[in-house]
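No lab work stands behind these numbers, since they all come straight from the coordinates. Quick caveat: nothing in here was measured; it's all calculated off a predicted structure. Every residue, glycine as well, gets a Cβ built from its backbone with ideal geometry; the counts of neighbours run over all protein chains shown.
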Amino acid sequence: MNNFFGVLLLLAGLPLVAQTDLSGLVNVYGILQSQSNCPPTIWVSDGTVFAPGMAILIIQMGNATIDTDNSNRFGNITDLNGSGRYEYNRIRGISGNELELENSLLHTYTPQRTQVVGSRIYSSATVTETLRPQPWNGTTGGVLFVECTDRLTLNADVDASGAGCRGGEAVVYDNISCSVLTFNRAYSYATGNWRGAPKGEGIAPFVSGAEVGRGPQANGGGGGNNHNSGGG
């Protein structure tokens, strides 16, 4: 299920970079490790990809909890736990993996499940070839973020399609014990169980022992079951 992605274009702030042609990948990405508000500071997985004066988007990609009952309730969201929460800031200075920010943080974010997306700040920019985000890799990506203070001209597409949450991996099981009538209708099974296919990613972490089967993974799609399967 490839539908968890974002595109954010900001037209505000102070000019730092003059007229620029934009194409391809324009963002840098890091994983949030921790945060503090005295002074406003965040720690990321790799501070070398960021730069002072850069605009950043802090966004929690997922930490929702779901109903894990092996019934038609499986996958219902019980608490978002801040999933989808985000805010804008700017980098004042950098020391190693420590980013000092210009403004205090508005929210508390879950480490390892929150990414920091960086963008240079442009005065005027023209999209000359398709802009795309880094594809989601399980911790970062899937979000495209650009800030312009004056004018952004779109002479090409801004496209994040297919860059979001990943669908369940296709698997082939050998020596399975199925018959003409196979009643494998459960909503979850453990990884490796031939009775169900892997679920797609969503805003909730996978539940140990319930990674496959037809129950949804919050907003991620459920996997197929070996029950009333179609003919070949």
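Between the listed residues THR130, GLY93, GLY223, the Cα displaced farthest toward the positive end of the dipole of the chain, a dipole computed from Cβ unit charges relative to the Cα centre, is found at GLY223. Taking only the C-alpha atoms of the stretch 6-154, Rg followed by Dmax gives 16.8, 57 Å. Comparing Cα centroids, the stretch 96-123 and the stretch 48-82 end up 16 angstrom apart. The residues packed around ASN76, meaning those with a beta-carbon under 10 Å from its beta-carbon, carry a net charge of -1 if Lys and Arg are +1 and Asp and Glu are -1. Between SER123 and LEU16, VAL17, ALA18, THR149, the built amide H atoms are under 5 Å apart, and every one of these is 5 or more places off in sequence or on another chain. Could you tally the net charge around ARG90, taking each other residue with its Cβ under 13 Å from the Cβ of ARG90, Lys/Arg +1 and Asp/Glu -1? Within the 13 Å Cβ shell, the charges total -2. Among GLN35, GLN60, GLN217, the residue with the largest mean-square fluctuation in a Gaussian network model of the chain, with springs joining Cα atoms closer than 10 Å, is GLN35.
Other residues with beta-carbon under 9 Å from the beta-carbon of VAL127 carry, at +1 per Lys or Arg and -1 per Asp or Glu, a net charge of -3.
For the stretch 192-204, backbone phi angles converted through the Karplus equation (6.51, -1.76, 1.60; θ = phi - 60°) give residue-by-residue couplings of x, 7, 5, 6, x, 9, x, 6, x, 5, x, 7, 10 Hz, Gly and Pro being listed as x.
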